[in-house]
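Asker: Shown below is the structure under consideration.
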Amino acid sequence: MILHCNFEELRALASAGEAVVTAAEAASPGSVQAPAEGVAKVEMLLPRLTGDFSIETLDEQRRVRHAVAVIVDDLKARMDQRIVEFNPAHEEAVTLYFDYAHTRTVLHRLDVMGAEMAAIVDLITGGNAELGGGIAFPD
């Protein structure tokens, strides 16, 4: 299945994903940051953010969804911080809002895609989800 993303969504995912990775690399021990597993999934996603891309299995959809969720959560936290620190109309808060909104729409599309893929896997395997994680979905 193909995940369609427009330019603004790709730009928001890429810049926010880079910020997640950079923050994780620069973080001191004990500081609050995205879990290492989430950061690793974001790192794996970054090279794919050049245009629409294919998601071949339900397992892959779940990995991509997890990476995008980490990015969305980070953007929301940074947006909330800027709103409280300055005000809702502050330039950085507004920029973060639009990045958050673009990435949130991608997350929604991934949720819809995952539900469709899970329903097909359920139908094919007769309800045995453990058998279906590797079933290929053609574009």
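Coordinate-derived values only; no laboratory data. What you see is a predicted model, and the numbers here were worked out from it, not measured in a lab. Ideal geometry is used to build each Cβ from the backbone, glycine not excepted, and the neighbour counts take in all protein chains shown.
Asker: GNM, the chain, Cα, under 10 Å: largest mean-square fluctuation among VAL94, VAL21, VAL72?
Answerer: Of VAL94, VAL21, VAL72, the Gaussian network model singles out VAL94 as fluctuating most.
Asker: May I ask for the Kirkwood hydrodynamic radius of the chain, worked out over all distinct Cα pairs and given in angstroms to one decimal?
Answerer: 16.0 Å
Asker: Assigning unit charges at the beta carbon (Lys, Arg +1; Asp, Glu -1) and nothing else, what dipole magnitude in debye, to the nearest 20, does the chain show about its Cα centre?
Answerer: 100 debye
Asker: Considering only ASP122, ASP99, ASP111, give the residue with the highest GNM mean-square fluctuation for the chain, with springs between Cα atoms whenever their separation is below 10 Å.
Answerer: It is ASP122.
Asker: Follow-up. Regarding the range 1-74, what whole-number volume in Å³ per residue does the convex hull of its Cα atoms give?
Answerer: Per-residue hull volume (Cα only) is 74 Å³.
Asker: Here's a follow-up. What does the helix-only formula give at 222 nm for the chain: each DSSP H stretch with n ≥ 4 adding -39500 (n - 2.57), the total divided by the residues, and the result rounded to the nearest 500 deg cm²/dmol?
Answerer: Calculated from helices alone, the mean residue ellipticity at 222 nm is -24000 deg cm²/dmol.
Asker: Mean Kyte-Doolittle of at least 0.0 and a Cα length of 15 Å or more along the axis: which whole DSSP H helices of the chain meet both?
Answerer: 7-26, 91-125
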